[in-house]
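Q: Just passing along the structure, written as structure tokens.
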Amino acid sequence: MSFKTNPDLSFQFRLARDLCMTVGDLRTKMSSYEYSQWVTFYLWEQEEQNKQMAMAQAEANKRKK
């Protein structure tokens with residue numbers, strides 16, 4: 001499988017890295033419920049970062065005028 005074609009695989013590696021675990025450990029030690037909560041958290045976190053970047057860009061655009 002490829003990281004490009006399997007976003008879940010990419011996320012597993014990212015989460016494992018962030019938690020200082022191997023992907024094998026992640027798959028055996030973490031419940032599917034907790035895993036889905038991590039997915040939700042990372043999506044929410046990205047959304048918040050996107051909002052902040054959009055607000056900063058809007059402020060920068062105001063200053064240009």
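Q: From the residues in the stretch 38-53 that are among the aliphatic types (A, V, I, L, M) and open to solvent by 60 Å² or more (accessible area, probe 1.4 Å), which one is farthest from PHE3 (Cα to Cα)?
A: Looking at residues that are among the aliphatic types (A, V, I, L, M) and open to solvent by 60 Å² or more (accessible area, probe 1.4 Å), I get MET53.
Q: Scan the stretch 11-37 residue by residue and report those that are open to solvent by 40 Å² or more (accessible area, probe 1.4 Å) and either among the polar types (S, T, N, Q) or not in a helix (DSSP H, G or I) (or both).
A: Listed by number, the residues that qualify are LEU19, CYS20, MET21, THR22, THR28, SER31, SER32, SER36, GLN37.
Q: A further question on this structure: Within the stretch 3-30, take every residue that is closer than 18 Å to GLU45 by Cβ and basic (Lys, Arg) and give me the one that is farthest from the chain's Cα centre (by Cα).
A: The qualifying residue farthest from the chain's Cα centre (by Cα) is ARG17.
Q: Within the stretch 38-65, can you find the residues that are over 27 Å from SER10 (Cβ atoms) and part of a helix (DSSP H, G or I)?
A: Residues of the stretch 38-65 that are over 27 Å from SER10 (Cβ atoms), as a first pass: 55, 58-65.
Selection gives MET55, ALA58, GLU59, ALA60, ASN61, LYS62, ARG63, LYS64.
The values are calculated or read from the model by the stated rules, or taken from the named source; none is laboratory data. As the structure is a computational prediction, the values presented were derived from the model and not from experiment. Heads up, the Cβs are rebuilt from the backbone with ideal geometry, glycines too, and the neighbour counts pull from every protein chain shown. Heavy atoms of the whole protein, side chains included, go into the accessibility calculation; ligands, DNA and RNA do not. Shrake-Rupley method; radii C 1.70, N 1.55, O 1.52, S 1.80 Å.
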